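Student: Supplied in structure tokens, the structure appears directly below.
The values are calculated or read from the model by the stated rules, or taken from the named source; none is laboratory data. Just so it is clear, the model here is predicted, and its values are computed rather than measured. Glycine gets a Cβ as well: all are built from the backbone with ideal geometry, and neighbour counts include every protein chain shown.
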Amino acid sequence: MKVVVLNASPRKNGLVSQMLNIIIEHLPKECEVSFVTTNSLSLRPCIGCMKCRTTLNCCLPEDDAQRILKEIREADALVVGSPCYWGNMNGYLKVLFDRIVYGMMGESPSGIPIPLHKGKQAIIVTTCTTPFPFNILFKQSRGAVKALREILKWSGFKIVGTIEKGGTRKHPELTESEKKKCIRLAGKLKKN
């Protein structure tokens, strides 16, 4: 089973990175893992020309977006981690998903999305400085999860679990309970 892990945290040892590493450590031994740190990618932002919807290729010069899309296409599962920025995913991750939309979902002649990754699984990991339960009530970490769910759902991924950690400023360490949840999430990824 091939698993692509997208780490949108700019902090190499931050909580998102720690949770992703716990998940990776507890994946089945036979898993082939590709770890991508999105802020180290060379990407131009999408220009919104919509040409990729008909040509199935981005009109911008080739960069890391096409390479990552190829990895996602070949993967059985995707693990996406992002800190919450203004109730949404990190900007690096958003630019990546904007650039590869044509390879995530197609479109019928009437404009209805066609998922291109049906049968694949996904896990979402996010953190937020807004304290619990306000990170959920005020749609901070919950906003990031919602945005990622939207992308993954329309792309055909089955989300097998999520983890949100709020209040990271006051609680900058993972609890044993959070570590165990990461381990449980890793166990939910199964070969189809």
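Student: As an exercise: evaluate residue 130 against (1) without any contact (Cβ under 8 Å) to a residue 40 or more places away in the chain; (2) part of a loop (DSSP other than H, G, I, E, B) and give the number of the one condition it does not meet.
Tutor: (1)
Student: Within the set of pairs 6 or more residues apart or between chains, which connect a residue that is among the polar types (S, T, N, Q) inside the range 37-53 to a residue that is not in a loop (DSSP other than H, G, I, E, B) with Cβ atoms less than 7 Å apart?
Tutor: Filtered contacts from the range 37-53: 37/7; 38/6; 38/7; 38/92; 38/93; 38/96; 39/92; 42/64.
Student: Please specify each residue of the range 89-113 satisfying the condition of being modelled with pLDDT under 95 and in a strand (DSSP E or B).
Tutor: 106, 107, 113
Student: Does the range 70-91 contain at least one residue that is without any contact (Cβ under 8 Å) to a residue 12 or more places away in the chain, under 13 Å from the mean Cα position of the chain (by Cα) and on the phi < 0 side of the Ramachandran plot?
Tutor: Among the residues of the range 70-91, at least one is without any contact (Cβ under 8 Å) to a residue 12 or more places away in the chain, under 13 Å from the mean Cα position of the chain (by Cα) and on the phi < 0 side of the Ramachandran plot, which makes the answer yes.
Student: Moving to a separate point now. Which of the following residues is in contact (Cβ under 8 Å) with a residue 40 or more places away in the chain, closer than 20 Å to residue 74 by Cβ, surrounded by fewer than 16 Cβ atoms within 10 Å (Cβ to Cβ) and basic (Lys, Arg): 158, 190, 179, 118?
Tutor: 190
Student: Is there a residue being at pLDDT 95 or above and either part of a loop (DSSP other than H, G, I, E, B) or over 22 Å from residue 8 (Cβ atoms) (or both) anywhere in the range 147-159?
Tutor: Yes.
Student: Looking at 42, 82, 34, 9 in this structure, which one is touching a helix residue (DSSP H, G or I) at 6+ places or on another chain (Cβ under 7 Å), surrounded by fewer than 17 Cβ atoms within 10 Å (Cβ to Cβ) and either closer than 27 Å to residue 180 by Cα or not polar (S, T, N, Q) (or both)?
Tutor: 34 is the lone residue from the list that is touching a helix residue (DSSP H, G or I) at 6+ places or on another chain (Cβ under 7 Å), surrounded by fewer than 17 Cβ atoms within 10 Å (Cβ to Cβ) and either closer than 27 Å to residue 180 by Cα or not polar (S, T, N, Q) (or both).
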